[in-house]
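Notes follow the structure.
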Amino acid sequence: MLRVESLQVRYGAIAAVKGVDIAVRRGELVAVLGANGAGKSSTLLAIAGALKVASGRIFLEGEDVASLTPERIVRKGIAMVPETRNVFADLTVTENLRLGAFIHRHDKRRTSAAIDEVMALFTVLGERADQAAGTLSGGEQQQLVIARALVSDPKILLLDEPSLGLAPTIVAKIFGLIEKLRERGMTILLVEQNAAQALKCADRAYVFSLGEVAASGSASEIASNTDLEAIYLGK
Amino acid sequence: MLGTIIQFVIDVLSLGSLYALMALGLVIVYGILKMVNFAYGELIMVAGYSLYLLNGSPLPWLVMAVIAIVMAILTGMLTELVAFRPVREKSVTAVLITSFAFSTLLQNAALLFISPRARTVPLPDIFTRTVEIAGVIIPLRNLLTIVCAVVLLAVFALILKRTMLGIALRAAASQFTMARMLGVPANLIISVAFAISGLFAGIVAMFWLGRIGSVVPGIGLEPLLVAFIATVIGGMRSLVGAVVGGFLLALIDVSLNYLLPQNLLQFRDAFTFTMVIVLLVLRPEGLVRGPATGQRT
């Protein structure tokens, strides 16, 4: 479904991503692992259109989307949950979700159904529907941004470090939700520093190092490779 | 005594309403782009000259006013297209320069093609009428300013709260890139913000001209300065702050008008700015906090 070829991303003179090739098949959960600064988040941001692609191609179902703006990429079916839990703090939970369904705003029934569905999946959001998003706890905000990405009915969900800054119990809950989405057939590209958790739910994984893919394989292969563990996963 | 109080309150409310609308027109763009539109004052000038050029036409004044306001809206959108869109992703300095340049262009166009001298604008009879409240003679124009501002602010607040456009504007003001990643079209939202800014400028122009009676190329300078100061003291990224700042600035201005002895009235602005400086020293971020976690576009 998603194929990235020779992707390069730069921050000025600094090459953050230096020719990365990854692929995600329909219904798969693919993890992207690696240390800080490895280029994982930059890759996701480039796929979502939030970062300019210096060179390379990004194919979604065969269509090259590398040069599209972020607002056009989400219409193609790529929804991203960024690393920093970018809730719109002064908007209510419901307003955040309505914004998530912005591309379907003319279809009120579809928007309403999508919001009801995510509120059923993330029950705490229903309880906090009229609360300002900035007043939610970290875990609740993480659930909100995932729900907000889901209401756009994406073909593929990009998750950037969903466990960042969360307590272990909340991390377990978030990964439980990710597993549930996977079981429902959602295609997911997951960037995580919590490699152990990510490999437990992933089908395949890529390991990034210094802007390049250092290794790839099934989740079990990556998990059992002690060389990779030591060098790239900080163990 | 009661008469003075009534006069004072009406003066503060009417001037405050005008200042609040001026400030809102400026902050609606700043809130989203984090950039000041220095051509904002020229939107008021364009509305003024539109009214002047329509003078003598058989159109009712209200229709002339609507046309003048539409001209301000279109000029606002043109400002975005010419001075902001080509350079907004390059640097803040570039935008400052282009918006100053566009402002100068518009002023010089008025100088060249109309006149450097003041030109009288047509005003409705209602602006010259007065009403008596508890023995105090109040220009009807002042009451109209208050009513118009209240209605406009209420409609604007409703749009921001209840419509998808309003939610998108508030989201874009908070985190522009994230809003785009949800499908909010960047250029459209920014154009809408400039159009709303033009609408406020156009309406301000009608009441501002009602006080002055004529238009000159530099007519927009004072409203721009007022808008800027009101925005800064209210909180640069807060719509509520802009309104609060506008009324506070009016309160300071009118109070000084009432309290200063005759020989010091000419220094009223100095006193006003001194109080603004004191306010900012005590509360540099302004009176009202802006949207949380805002970021540059």
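The values are calculated or read from the model by the stated rules, or taken from the named source; none is laboratory data. Keep in mind that what you see is a predicted model, and the values were worked out from it rather than measured. Positions of Cβ are generated from backbone atoms using ideal geometry, with glycine treated the same way; all protein chains shown enter the neighbour counts.
The single condition among (1) within 30 Å of A:GLU71 (Cα to Cα); (2) out of contact with any Gly (no Cβ under 9 Å at 6 or more places or on another chain); (3) more than 14 Å from chain A (Cβ to nearest Cβ) that B:ALA171 does not meet is (3).
Only helices (runs of 4 or more DSSP H) whose full extent lies in the stretch B:129-225 are considered here, and the ones with at least 3 residues that are more than 13 Å from the chain's Cα centre (by Cα) and basic (Lys, Arg) are B:140-162.
I'm trying to understand the selection: among the residues of the stretch B:13-42, which are among the aliphatic types (A, V, I, L, M), under 29 Å from B:SER255 (Cα atoms) and surrounded by 22 or more Cβ atoms within 10 Å (Cβ to Cβ)? Hits for the stretch B:13-42 are B:LEU15, B:LEU18, B:ALA20, B:LEU21, B:MET22, B:ALA23, B:LEU24, B:LEU26, B:VAL27, B:ILE28.
For the stretch A:131-150, a residue qualifies if it is within 10 Å of chain B (Cβ to nearest Cβ), of a type in the set (A, V, I, L, M, F, W, C) and closer than 14 Å to A:GLU117 by Cβ, and exactly one does: A:ALA149. Considering the stretch A:118-130, and only residues there that are touching a residue at least 12 places away in the same chain (Cβ under 8 Å) and under 22 Å from the mean Cα position of the chain (by Cα), the residue that is nearest to the other protein chains (Cβ to nearest Cβ) turns out to be A:VAL118. Suppose the filter is within 14 Å of chain A (Cβ to nearest Cβ), more than 25 Å from B:ALA242 (Cα to Cα) and modelled with pLDDT of 90 or more; does B:LEU112 pass it? Spelling it out, it is not the case that B:LEU112 is within 14 Å of chain A (Cβ to nearest Cβ), more than 25 Å from B:ALA242 (Cα to Cα) and modelled with pLDDT of 90 or more. For the stretch B:186-236, the set of residues classified as of a type in the set (Phe, Trp, Tyr), farther than 30 Å from B:MET164 by Cα and out of contact with any Pro (no Cβ under 8 Å at 6 or more places or on another chain) consists of B:PHE207 only.
Consider B:LEU165 carefully, then state whether it is within 14 Å of chain A (Cβ to nearest Cβ) and at pLDDT 90 or above. For B:LEU165, the condition - within 14 Å of chain A (Cβ to nearest Cβ) and at pLDDT 90 or above - is met. B:THR177 passes every criterion in (1) over 17 Å from B:GLY16 (Cα atoms); (2) buried (at least 22 other Cβ atoms within 10 Å of the Cβ); (3) touching a residue at least 40 places away in the same chain (Cβ under 8 Å) apart from (2). Only residues that are buried (at least 24 other Cβ atoms within 10 Å of the Cβ) and among the aliphatic types (A, V, I, L, M) were counted across the stretch B:43-67, and they come to 6. Take B:SER103 and decide whether it is hydroxyl-bearing (Ser, Thr, Tyr), surrounded by 18 or more Cβ atoms within 10 Å (Cβ to Cβ) and under 23 Å from the mean Cα position of the chain (by Cα). Criteria met by B:SER103.
Of the set (1) out of contact with any strand residue (DSSP E or B) (no Cβ under 6 Å at 6 or more places or on another chain); (2) in contact (Cβ under 8 Å) with a residue 24 or more places away in the chain, all apply to B:VAL155 but (2). Residues that are among the small types (Gly, Ala, Ser) and at negative phi were ranked within the stretch A:67-86; the one that is farthest from the other protein chains (Cβ to nearest Cβ) is A:SER67. Answer with yes or no whether B:GLY245 is modelled with pLDDT of 85 or more, within 14 Å of another protein chain (Cβ to nearest Cβ) and surrounded by 21 or more Cβ atoms within 10 Å (Cβ to Cβ). In short, no.
For the condition within 26 Å of A:ASP153 (Cβ to Cβ) and among the hydroxyl-bearing types (Ser, Thr, Tyr), B:THR163 qualifies. So for the stretch A:13-32 (the condition being buried (at least 19 other Cβ atoms within 10 Å of the Cβ), more than 23 Å from A:CYS201 (Cβ to Cβ) and in the same structural domain as A:ASP227 (by TED's automatic domain parsing)), does at least one residue qualify? Yes, some residue in the stretch A:13-32 is buried (at least 19 other Cβ atoms within 10 Å of the Cβ), more than 23 Å from A:CYS201 (Cβ to Cβ) and in the same structural domain as A:ASP227 (by TED's automatic domain parsing). The residues of the stretch A:5-52 that are assigned to a loop (DSSP other than H, G, I, E, B), in contact with a helix residue (DSSP H, G or I) (Cβ under 9 Å, 6 or more places away or on another chain) and either under 21 Å from A:PRO70 (Cα atoms) or among the hydroxyl-bearing types (Ser, Thr, Tyr) (or both), listed by number, are A:ALA48, A:GLY49, A:ALA50, A:LEU51, A:LYS52. Please go through the stretch A:87-111 and pick out each residue that is surrounded by 14 or more Cβ atoms within 10 Å (Cβ to Cβ), away from every other protein chain (no Cβ under 12 Å) and more than 22 Å from A:PRO70 (Cβ to Cβ). Within the stretch A:87-111, just A:VAL93 meets the criteria. Residues in the stretch A:40-66 that are charged (D, E, K, R) and within 14 Å of chain B (Cβ to nearest Cβ): A:LYS52 alone.
Filtered by the rule that a residue be of a type in the set (S, T, N, Q) and either surrounded by fewer than 16 Cβ atoms within 10 Å (Cβ to Cβ) or at pLDDT 90 or above (or both), the stretch A:153-195 gives A:THR169, A:THR187.
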